[in-house]
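The values are calculated or read from the model by the stated rules, or taken from the named source; none is laboratory data. Since this is a predicted model, take the numbers as computed values, not measurements. Methodologically, a virtual Cβ is constructed for each residue, glycine included, from the backbone with ideal geometry; neighbour enumeration extends over all protein chains shown.
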Amino acid sequence: MSSQARPYLFYWMTYSLCTTCLKNVPAKILFKNDKVIYQKNCLEHGIHEEVVSTDIEYFKLCKEYLKPGDMPDKFQTQINHGCPHDCGLCPDHEQHSCLAIFEIIDECNMTCPVCFANSKPGLGNAKSMEQIDKMLETLIASEWEPDLLQLSGWEPTLHPQLMEIIRKIKASPVRHLMLNTNGIRIAEDLDFVKELEKEKKWFEVYLQFDSLNRDTIKHLRWWDYLDVRFKALENLEKAWISTTLVCVIQKNVNDNEIWELIDFATKYKCVRWVTFQPVEYVGRIKDKEIKERITLSEIRNEIIKANNPFGANDMLPLPCHPENICIWYGIKKDWVIQPVTGMIPKEVLLEWAGNTITFERNEEIKKAFYKLYSLDACSEKTTKNLWTMLCCLPKIITQNLDYTNVFRIIIMSFMDKYDFDLWSIKRSCVHFVEPNGKIYPFETFNMFYRDKIKAFNGLKDKFKK
Ligand code: SF4
Ligand code: SF4
């Protein structure tokens, strides 16, 4: 018997992508040096190792949050070439569209180095109302009553018929609508803000907001537009339009600001949600600064280790796509945030949460929230600050739990060719809907389909860097 043990634990296998040729290759999942590593083996390009998590226990926990996916009502493609080349959605996809995205224009008024869409001024291509109708028809055929739709652009506020599109979607079965924007028009055009204000029920602005530091913003966006962001937020606050701050996180650039950004967000009554997204290495940043990859687990640990009420039990895998989405729910009242997620028993989350990112609207979850804010729940949570809980109990119990009291933090990690996992991609629940009648997982669209579709539409030259 050999006396030598291997310096790692071989935990499992999956398929990933060769980072050179993008072919599907087998990947061993190794626990090595307290990290989770994909060891990929391409017969042509050799062995490549990639860190996919810095937290082995959380990696394993994600597997405990798996639940059966929801079937789309209709699939748009057949299984012909094998995943990920049959998008989509093909019948092999295991999850419905929790969050659908319509890219309504290719143009942007910025040129960010981290742009996964490689957008810039001059690309134009505003989708026609007929194309929007087709996208809506495709989504509704797949989802019946879609939970969440995001209008994106690249910069959607440049679309000349944006308000018409918003009204059309609000009159459709879509339950909740988001506008994904860099905020420039919201900062500069008060008439536009007034128009948005009229639509604010079940509507939300998804506002790019990665840093409070001017040099950092310049690094991430090639332009210090912090004042524009502040102005946009001020206008949204005045109009009390529900807002999510979206923070793209790059290692050694703004990962030291994660808690500061959360703290900042809590100061605005319009801000209900902060989303952190590790940079996805596609589009303009595809092969650059690759040493600076950050994983979901590192962002999660930054939040937990900061001096705040968030514990490891509060930042949980979201059952619809646990490996790639981590969620924290809290109740915000009088500028104080009470963590809630860690108090919901795992069985409750798995049974009632449903495959949706907005599970606070689920009646059973609401009941569970109330139940947990009871003396029984407090006694079970002896490690929590009991005094604070008791002080808050009467206020929370006598108040209806509605959307405005819910504060969420989400870490949403989109795979790229480095951490791609064939097992996980089938569970991807953030999807682009295209006028060609197809629905694409966010990751595969950015890696395999976006450029082909644009080339097909005759836009190839415009996309040259
Ligand atoms: S990613 Fe999903 S939709 Fe695309 S080929 Fe794989 S299973 Fe099908
Ligand atoms: S990241 Fe957003 S704001 Fe920046 S260029 Fe791309 S679409 Fe425009």
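For the structure I just gave you, tell me whether ASP133 is out of contact with any Ser or Thr (no Cβ under 6 Å at 6 or more places or on another chain), closer than 22 Å to LYS438 by Cα and at pLDDT 95 or above.
Criteria met by ASP133.
Each row is one residue, and each column tells you yes or no for (1) in a helix (DSSP H, G or I); (2) surrounded by fewer than 21 Cβ atoms within 10 Å (Cβ to Cβ); (3) more than 16 Å from ligand 1 (Cβ to nearest atom); (4) modelled with pLDDT of 95 or more.
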| position | (1), (2), (3), (4) |
| --- | --- |
| ILE397 | yes, yes, yes, no |
| ASN400 | no, yes, yes, no |
| PHE407 | no, no, yes, no |
| ILE410 | no, yes, yes, no |
| HIS431 | no, no, no, yes |
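The residues listed here are LYS168, LYS201, LYS194; of these, the one that is surrounded by fewer than 16 Cβ atoms within 10 Å (Cβ to Cβ) and modelled with pLDDT under 95 is LYS201.
The number of residues in segment 89-133 being within 16 Å of ligand 1 (Cβ to nearest atom) and closer than 19 Å to THR181 by Cβ comes to 3.
Suppose the filter is in contact with a strand residue (DSSP E or B) (Cβ under 7 Å, 6 or more places away or on another chain) and in a loop (DSSP other than H, G, I, E, B); does TYR418 pass it? Spelling it out, TYR418 is indeed in contact with a strand residue (DSSP E or B) (Cβ under 7 Å, 6 or more places away or on another chain) and in a loop (DSSP other than H, G, I, E, B).
Taking only pairs six or more apart or across chains, which ones have beta-carbon atoms under 9 Å, a first residue in segment 59-72 that is closer than 11 Å to HIS96 by Cα, and a second residue that is among the hydrophobic types (A, V, I, L, M, F, W, C) and at pLDDT below 85? Sorted first by the residue in segment 59-72, then by its partner, the pairs are GLY69/CYS320; ASP70/CYS320. Considering each residue of segment 218-240, count those that are modelled with pLDDT under 95 and within 23 Å of ILE410 (Cα to Cα), and give that number. Total meeting the criteria: 4.
Pairs are defined by a Cβ separation below 6 Å, a sequence spacing of at least 6 or placement on different chains, a first member in segment 196-222 that is closer than 17 Å to VAL246 by Cα, and a second member that is within 16 Å of ligand 1 (Cβ to nearest atom); no pair meets this definition.
Of these, GLU292, GLU323, which one is out of contact with any helix residue (DSSP H, G or I) (no Cβ under 9 Å at 6 or more places or on another chain) and touching a residue at least 12 places away in the same chain (Cβ under 8 Å)? The match here is GLU292.
Listed by first and then second residue, the pairs linking a residue in segment 230-242 that is part of a helix (DSSP H, G or I) to a residue that is surrounded by fewer than 18 Cβ atoms within 10 Å (Cβ to Cβ) and not charged (D, E, K, R), with Cβ atoms under 7 Å apart and 6 or more places separating them unless they lie on different chains, are LEU233/TYR268; ASN235/LEU190; GLU237/TYR268.
Can you name the residue in segment 40-69 that is under 19 Å from the mean Cα position of the chain (by Cα) and among the hydrophobic types (A, V, I, L, M, F, W, C) and is also farthest from MET412 (Cα to Cα) among such residues? Checked segment 40-69; the qualifying residue farthest from MET412 (Cα to Cα) is LEU66.
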